[in-house]
Amino acid sequence: MIASVVLTLDNYAETFQETVDEISRIPCLSLGLTEAVAHRIPVMIDSPDPDALEEITQRLQQCRGVAFVDVVFVHFENEPSRTSLADSGKPTPP
Amino acid sequence: MKLQLSMPTDAQQRREFLKSSAMAMAAAVASGIEFPLPILAEEPTAGVNWQKAPCRFCGTGCHVQVGVQSGKVVAVAGDRNAEVNKGLLCVKGYHVGAALYGKDRLTTPLLRTGSSYRKISWDAAIKIIADRIEAAPARFAMYGSGQWTIPEGYAAQKFMKGGLSNNHIDPNARLCMSSAVTGFLATYGVDEPAGCYDDLDACDVLIMWGNNPAEMHPVLFSRVIDRRGRGEKVTLIDIGTRRTRTTEACQHYLEMKGHGDLAIANGIAHLLIANETYSRKFVESFCNFKAPDDANPNLHGKAISFDEYKTLLEPYTPEYVETLSGVPADQIRLLADLFGNPDLKITSLWCMGMNQHTRGTAINSLVHGIHLLSGHFGSPGNAPTSLTGQPSACGTVREVGTLSHALPGGRVVTEAQHRQDSEDLWHVPAGRINPTPGHHAVKMWESFCTPTDEGGDIGTIWVQVTNPGQTLPNLNKLFNPKGDNTAGLDDKFLIVSDVYPTATTRLADLILPSAMWVEKNGLVGNSERRTQQWFKMVDPPGEARDDCWQTIAVAHELFTRGTAGMKDRDGRFLFEITDKVGSPVPVWEWEHYYDTNVDEHLFEEYRRFTRYKHKDLAPYTEYVKARGLRWPVVETDGQWQETRFRFAEGFDPYVTEGKEIQFYHSSTHDDRAQIWFHPWIAPAEIPDKDYPLMLCTGRVLEHWHSGSLTRRIPELSRAMPGAYVEVHPADASEYGLRNGDRVKMESRRGSLVLPVWIDGRGKPPRGTVYIPFFDETVMVNDLTLDALDPFSKQPDYKKAAVRISKVAS
């Protein structure tokens with residue numbers, strides 16, 4: 001799955017480099033240029049599957065200094081077919 | 001040796017292209033750069049067609065770019081050209097396209113026969129509905145939604161009130177924002193916020209009253225956090241009954257007891273007067289004072305003088321407010337000092353905390369009142385603004401007026417002139433519109449679930465785009481009164497139009513499969529008076545069809561049977577739509593429904609109503625071009641201009657030059673708003689020795705309302721798979737509970753079993769618990785109370801007394 005997000009940093013001046021270092025250690029990410037608006041970092045995620053994408057976005061949210069993870073784009077064309085509640089033992093259609 | 005170069009395949013090229021596009025979009029959003037749609041269409045091999053649409057979920061009104069390929073939505077992107085979200089989306093918006101593709105979409109009409117369902121044709125389904133209406137038109141009701149598009153709601157409204165002379169039409173929005181409506185009406189004489197989201201960019205102080213925008217309106221909240229990230233000073237204050245993700249970003253958190261907000265608002269007003277820091281000029285120029293009329297309770301109360309108002313507030317000292325609310329007196333003084341500073345710009349936001357409240361009208365009015373009293377009103381950044389939870393709670397419910405007492409354009413059935421004007425615009429005979437309001441939502445369902453011989457005067461309800469079987473309060477009373485959900489109700493008939501099986505379809509006698517979101521044309525209206533449009537992009541699955549078509553098809557079936565109400569003054573079909581040469585288009589036949597743009601025809605008809613209350617809408621074609629426009633939209637020098645701030649000179653075209661502020665729909669007809677006093681009153685149910693905990697219910701970030709869409713999106717369902725109860729660590733210790741233990745929660749109305757999450761995401765205070773309502777396998781509304789606000793008729797889902805006990809493993 002290919003997606004992109006924008007990270008908004010809170011108090012970025014104090015923790016900027018630490019935050020960037022921490023984000024950079026997460027696999028499957030590409031960080032974009034941040035010169036124009038330094039407290040917002042564009043990130044492209046190329047994950048092998050939806051689970052990995054979910055894990056990555058959760059890790060981003062937990063990084064120190066990251067106030068928000070806003071989603072900009074997601075391309076889910078190649079995702080595995082969707083599950084239904086019926087498949088998961090949840091309520092079924094009448 | 002020959003060097004072989006490996007050329008990238010088409011798939012690799014396409015993947016690299018998508019990656020670079022994804023990064024480009026994120027970089028553009030991060031930098032605040034705008035560029036026009038479609039951004040991927042320049043890539044010849046992409047083959048993706050991009051169009052704009054508002055997100056399907058909440059009332060924020062984010063615009064998304066929807067990528068369609070081979071008849072399927074394959075990608076979603078935030079729309080950088082949309083003022084609301086500036087290219088961003090939240091986790092739900094991110095997955096909105098996937099909401100179309102759950103495997104268990106309803107695809108054919110189903111009729112209950114005994115304990116099972118059988119497939120029937122659309123023709124048969126339409127005839128069954130017509131039979132039910134024809135047999136007992138006054139016992140028929142429609143239960144709609146803030147997810148109805150504007151044309152869908154308008155068609156239902158016209159069908160019921162302009163056709164059947166039947167006002168039993170009410171929406172689920174009665175359960176979520178009707179107290180906001182009555183608060184606006186009681187204060188300004190007309191509904192909906194004066195301010196807009198631009199206030200979030202301009203305010204110095206943002207106060208959230210019982211509101212958790214970090215999870216419920218995350219794009220709006222990130223807009224404010226973004227300002228702080230840029231080094232701007234914005235003071236964020238959270239007033240709530242539990243800590244939330246919003247609290248974590250706030251400089252001040254005022255933790256109150258349920259209904260403490262009434263006391264806090266009065267405490268602020270008390271100090272503004274005691275300290276003489278209220279705005280004498282604003283009050284004397286633009287305001288009157290009101291108090292409840294206990295002898296004759298009504299929305300507009302009785303007039304009082306400033307001195308009487310001051311006297312009524314005298315008991316609300318900071319110390320007294322502390323005893324009522326639990327908020328320390330110093331924090332009440334902090335709020336009063338902020339409101340008393342005219343140099344600050346203050347915006348208040350609220351949502352369900354103030355609306356789902358048995359004194360919802362009162363607390364809405366009080367918060368408007370402290371903005372008026374302090375003069376924090378009418379300039380960018382100074383506004384009291386309610387948020388909505390559904391994409392068209394404002395556009396459809398409040399503006400089209402799909403409430404049991406309302407007519408389109410902010411008018412009401414009880415006013416003879418309003419009825420006459422509506423009959424003229426609908427071109428139906430004089431006297432067609434019934435002057436008696438119909439049943440509000442809770443009463444409608446109580447009547448439906450009461451046997452006919454015991455006074456249950458509603459026999460058939462048609463539900464569209466909502467899930468009352470999960471979301472109404474005190475569900476056991478309605479659907480399982482004696483442990484037998486069919487007791488005495490054999491003559492009742494429930495019709496449900498929806499896209500997936502839900503708790504409500506399980507109760508239904510007839511299920512109709514509906515198209516959703518970009519499977520149909522649509523218009524909606526968001527929380528800031530912004531009307532938004534989109535076109536159909538993909539076909540609905542199977543035999544699923546537009547809700548609007550369903551309404552028109554039933555109307556036409558009744559027309560063919562000679563039902564007088566389905567004819568206009570000239571005997572023509574109520575929903576007759578003609579082509580360019582004046583010939584009727586048979587839009588009641590599905591194969592011809594998209595021969596013309598039914599939405600455009602209905603919208604242009606509806607638009608004529610909007611001028612009565614200065615809620616003017618532009619022609620349909622203007623919305624096609626825009627990412628929404630905020631009403632009133634008025635044509636000036638050939639351009640359609642939206643309005644950011646109502647009632648303020650320089651912004652609102654209806655304010656007379658030189659007036660500065662003009663409340664031109666004032667209920668006292670003097671261009672003044674009303675500053676209200678309402679006393680603190682205890683919640684309808686409070687904990688006692690038998691039920692010692694206070695239950696609050698609500699939403700979570702990952703799921704939207706009853707979860708019927710988001711629980712079918714695997715990523716969201718995995719992130720938040722099921723309901724839980726948040727418990728304070730000290731309470732957990734007292735009851736011997738650990739994380740994951742299963743507990744029985746009981747109220748006086750029902751019980752359920754679910755796992756414990758100590759503290760949880762929200763950290764409830766000692767003596768309180770929180771359960772989200774998205775999970776249809778754990779129906780928290782079996783526990784909730786159906787006590788209502790006396791004016792808005794909105795239930796309180798935030799305060800019910802419960803007890804907890806560990807279930808043996």
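How many residues does segment B:83-104 hold that are β-branched (V, I, T) and more than 7 Å from chain A (Cβ to nearest Cβ)? I'd like the intermediate steps shown before the answer.
Within segment B:83-104, the first condition is being β-branched (V, I, T), and the residues that meet it are B:84, B:91, B:96.
Next, only the ones that are more than 7 Å from chain A (Cβ to nearest Cβ) stay: B:84, B:96.
Residues that pass the stated criteria total 2.
For segment B:316-327, what are the residues that are touching a residue at least 40 places away in the same chain (Cβ under 8 Å) and not hydroxyl-bearing (S, T, Y)?
Keep residues of segment B:316-327 that are touching a residue at least 40 places away in the same chain (Cβ under 8 Å), which gives B:316-318, B:320-321, B:324-327.
Correct list: B:P318, B:V321, B:L324, B:G326, B:V327.
Quick check on my filter: what residues within segment A:36-57 are within 21 Å of B:D226 (Cβ to Cβ) and part of a helix (DSSP H, G or I)? Write out each step before concluding.
Quick first cut of segment A:36-57, residues within 21 Å of B:D226 (Cβ to Cβ) only: A:36-45, A:57.
Passing the criteria: only A:T57.
Return the only residue of B:T636, B:T656 being modelled with pLDDT under 95, open to solvent by 40 Å² or more (accessible area, probe 1.4 Å) and on the phi < 0 side of the Ramachandran plot.
Details: B:T656 fails: modelled with pLDDT under 95.
Going through B:T636, B:T656 in turn, the sole match is B:T636.
Against the condition without any contact (Cβ under 8 Å) to a residue 40 or more places away in the chain, part of a loop (DSSP other than H, G, I, E, B), among the charged types (D, E, K, R) and open to solvent by 40 Å² or more (accessible area, probe 1.4 Å), how does B:R718 come out, does it pass? Give the steps one after another, and end with the answer.
Details: without any contact (Cβ under 8 Å) to a residue 40 or more places away in the chain: yes; part of a loop (DSSP other than H, G, I, E, B): no; among the charged types (D, E, K, R): yes; open to solvent by 40 Å² or more (accessible area, probe 1.4 Å): yes.
Taking the combined requirement at face value, the residue does not satisfy it.
Checking the condition out of contact with any Cys (no Cβ under 7 Å at 6 or more places or on another chain) and at pLDDT 80 or above, which residue from A:I23, A:I56, A:I2 passes? Walk me through it before giving the result.
Details: A:I23 fails: out of contact with any Cys (no Cβ under 7 Å at 6 or more places or on another chain); A:I56 fails: out of contact with any Cys (no Cβ under 7 Å at 6 or more places or on another chain).
Criteria check complete, one pass: A:I2.
Could you tell me which numbered condition B:P692 fails, if it satisfies all but one of (1) within 14 Å of another protein chain (Cβ to nearest Cβ); (2) closer than 23 Å to B:S751 by Cβ; (3) open to solvent by 20 Å² or more (accessible area, probe 1.4 Å)?
B:P692 satisfies all of (1) within 14 Å of another protein chain (Cβ to nearest Cβ); (2) closer than 23 Å to B:S751 by Cβ; (3) open to solvent by 20 Å² or more (accessible area, probe 1.4 Å) except (1).
B:G61 - would you say it is within 11 Å of chain A (Cβ to nearest Cβ) and either in contact with a Cys (Cβ under 9 Å, 6 or more places away or on another chain) or assigned to a loop (DSSP other than H, G, I, E, B) (or both)?
Details: within 11 Å of chain A (Cβ to nearest Cβ): no; either in contact with a Cys (Cβ under 9 Å, 6 or more places away or on another chain) or assigned to a loop (DSSP other than H, G, I, E, B) (or both): yes.
Considered against the rule, which asks whether it is within 11 Å of chain A (Cβ to nearest Cβ) and either in contact with a Cys (Cβ under 9 Å, 6 or more places away or on another chain) or assigned to a loop (DSSP other than H, G, I, E, B) (or both), B:G61 comes out as no.
Of the residues B:W676, B:W680, which is modelled with pLDDT of 95 or more and open to solvent by 50 Å² or more (accessible area, probe 1.4 Å)?
Within the list B:W676, B:W680, the selection yields B:W680.
Are any residues in segment B:220-252 facing chain A (nearest Cβ under 10 Å) and more than 27 Å from the chain's Cα centre (by Cα), and if so, which ones?
Listed by number, the residues that qualify are B:R228, B:G229, B:R230, B:G231.
Scan segment B:624-683 for residues that are farther than 22 Å from B:A186 by Cα and outside any loop (DSSP other than H, G, I, E, B) and report the count.
Counting residues in segment B:624-683 that are farther than 22 Å from B:A186 by Cα and outside any loop (DSSP other than H, G, I, E, B) gives 10.
Note down all Cβ pairs under 7 Å where the first residue falls in segment B:70-82 and is farther than 19 Å from B:E528 by Cβ and more than 10 Å from chain A (Cβ to nearest Cβ), the second is of a type outside the set (S, T, Y) and assigned to a loop (DSSP other than H, G, I, E, B), and they're at least six residues apart or on different chains.
B:G71/B:V538; B:G71/B:D539
The values are calculated or read from the model by the stated rules, or taken from the named source; none is laboratory data. Every value quoted in this text rests on a predicted model; they were computed, and no experiment measured them. Heads up, the Cβs are rebuilt from the backbone with ideal geometry, glycines too, and the neighbour counts pull from every protein chain shown. Only protein heavy atoms, including side chains, enter the accessible area calculation; ligands, DNA and RNA are left aside. Shrake-Rupley method; radii C 1.70, N 1.55, O 1.52, S 1.80 Å.
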